Amino acid sequence: MSSGLKGIKTVRDFEMAGKTVFLRLDLNVPLDGTKITDETRITASLPTINYCLEKGAKLILASHLGRPKSAKDKQFSLEPVAKRLTELLSRDVVLMEEPSSEGVKHILYGNMKNEIILLENLRFDEGETENKNDLALYWASYSDIYINDAFGASHRAHASIHAFPEIMKNKGIGFLIEKEIKMLDSLTDNPKRPYIAILGGAKISDKIEVIEKLIDIVDGFVIGGAMAYTFLKAKGVPVGKSLVEADKVKYAKEMIQRMEARNKTMLLPVDHIVSTEFGNVENKKVTTSAVIEDNYMGLDIGPQTIKNYTAALSEAATVFWNGPMGVFENKAFCEGTFAVAKALAESKGVKIVGGGDSAAAAEASGFADKMTHISTGGGASLEYLQGEKLPGLEILRPRKQSEVMP
Ligand code: 3PG
């Protein structure tokens, strides 16, 4: 068992037949109206759901969706998720109107047969985000076992993630969290070498903690996205109107020096796809060097940079990818990001993709199924990787010696 899971029970450790299992999932999927546009988090939850059902549990599923202000924000209803789960599980998934609905008890203590209960968006009750005990006590009044499989929400000290397991004796994790932690631990516990971290996205400031964690572990960084312009600026390269974090130029300069002192690789773009305005396709052109003219801004990495990055990635035995190389949502500026995804797809190494934008980029590239692991957590995976303790995991560790597993 990897160190991050030490002492934590899993679904396998409980006798579930006839027991009421409260399964906290992260079913926070993107919606276009009522249409689910990416169901990864639903399908990733199925192994634990199916396991509990096979073991004869009475199942209560719970999740948040989006960030509703109140229960009146019906566009954040889990209804589309309940419908999709009903199809995927071939069982009725009954959506209980409110997260603390009395209806749950009626079903549980009545004739629960094949149906599964899904609590309506937990954030419809403000007690959820406030980590309120009364919600926890209410759920505890009908639950025998608490399972957290909501990796993407485990960095939140919310009632269903923290206050509730705090008062439960029988608690553990599902298969999704188990896999996430094992995969993320493999990036810091003896990773296979060479080990490259690809960092992209808009800001260095969002990645400083993860850079600090990885700088002594990785053999090299590959940098793309707007954050690359701050690094180039730190090297004295003109970057035109590109996005630069002025207050991070000093940090970028020091980081380049620290990598040099460690004799490690630090790849930066040597050419770019630029335009005069953000997203402007008409004036799009390729630069001939890392220099960007005054009235242009960088929006993607260029063809020579793609070659350099592909070559480096083809030799890597471990790759962690967090952040796109350019504005990949726009077809005119997606090539760099998709080329990196292709390079990873063709590599024989372990390739782990951080959640959020990078997961969406891997998906959009068509190479998602070629990755070793794509995290279902954006913020949670970064926080875990940078060494922070996730409240949703910590609360599941035994506190008394008598609770320690043999
Ligand atoms: C996510 O989408 O990263 C998780 O579901 C957590 O959502 P939150 O950032 O709204 O807490």
So how many residues does the range 155-170 have that are more than 15 Å from the ligand (Cβ to nearest atom), outside any loop (DSSP other than H, G, I, E, B) and either aromatic (F, W, Y) or surrounded by fewer than 22 Cβ atoms within 10 Å (Cβ to Cβ) (or both)? 3
Within the range 102-113, is even one residue closer than 30 Å to V353 by Cβ and either among the hydroxyl-bearing types (S, T, Y) or away from the ligand (no atom under 16 Å from the Cβ) (or both)? no
So F175 clears everything in (1) over 24 Å from T43 (Cα atoms); (2) away from the ligand (no atom under 16 Å from the Cβ); (3) out of contact with any Leu (no Cβ under 9 Å at 6 or more places or on another chain) except one condition, right? Which one? (1)
Within the range 143-191, residues over 15 Å from L119 (Cβ atoms) and among the aromatic types (F, W, Y) come out as F151, F175
Being within 20 Å of V210 (Cβ to Cβ), of a type in the set (D, E, K, R) and within 16 Å of the ligand (Cβ to nearest atom) is the filter here; which residues of the range 337-366 pass it? D357
Near pairs, Cβ below 9 angstrom, 6+ apart or cross-chain, from the range 367-381 (more than 17 Å from L46 (Cβ to Cβ) and within 9 Å of the ligand (Cβ to nearest atom)) to any residue that is outside any helix (DSSP H, G or I) and among the basic types (K, R): G379/R156; A380/R156
Scan the range 24-34 and tell me whether some residue there is at pLDDT 95 or above, within 15 Å of A57 (Cα to Cα) and not β-branched (V, I, T). yes
Give the residues of the range 236-255 that are under 28 Å from the mean Cα position of the chain (by Cα) and in a loop (DSSP other than H, G, I, E, B), sorted by residue number. S242, L243, V244, E245
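For (1) closer than 21 Å to I256 by Cα; (2) touching a residue at least 12 places away in the same chain (Cβ under 8 Å); (3) away from the ligand (no atom under 16 Å from the Cβ), each residue gets a yes or a no:
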position	(1), (2), (3)
A140	no, yes, yes
T188	no, yes, yes
G201	yes, yes, no
I208	yes, yes, yes
D219	yes, yes, yes
V222	yes, yes, yes
Y229	yes, yes, yes
K235	yes, yes, yes
So M255 clears everything in (1) within 24 Å of E329 (Cα to Cα); (2) in contact with a strand residue (DSSP E or B) (Cβ under 9 Å, 6 or more places away or on another chain); (3) touching a residue at least 40 places away in the same chain (Cβ under 8 Å) except one condition, right? Which one? (1)
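The values are calculated or read from the model by the stated rules, or taken from the named source; none is laboratory data. What you see is a predicted model; the values in this text were computed from it and never measured. Here the Cβ is made from the backbone with ideal geometry for all residues, glycine too, and neighbour counts use every protein chain on show.
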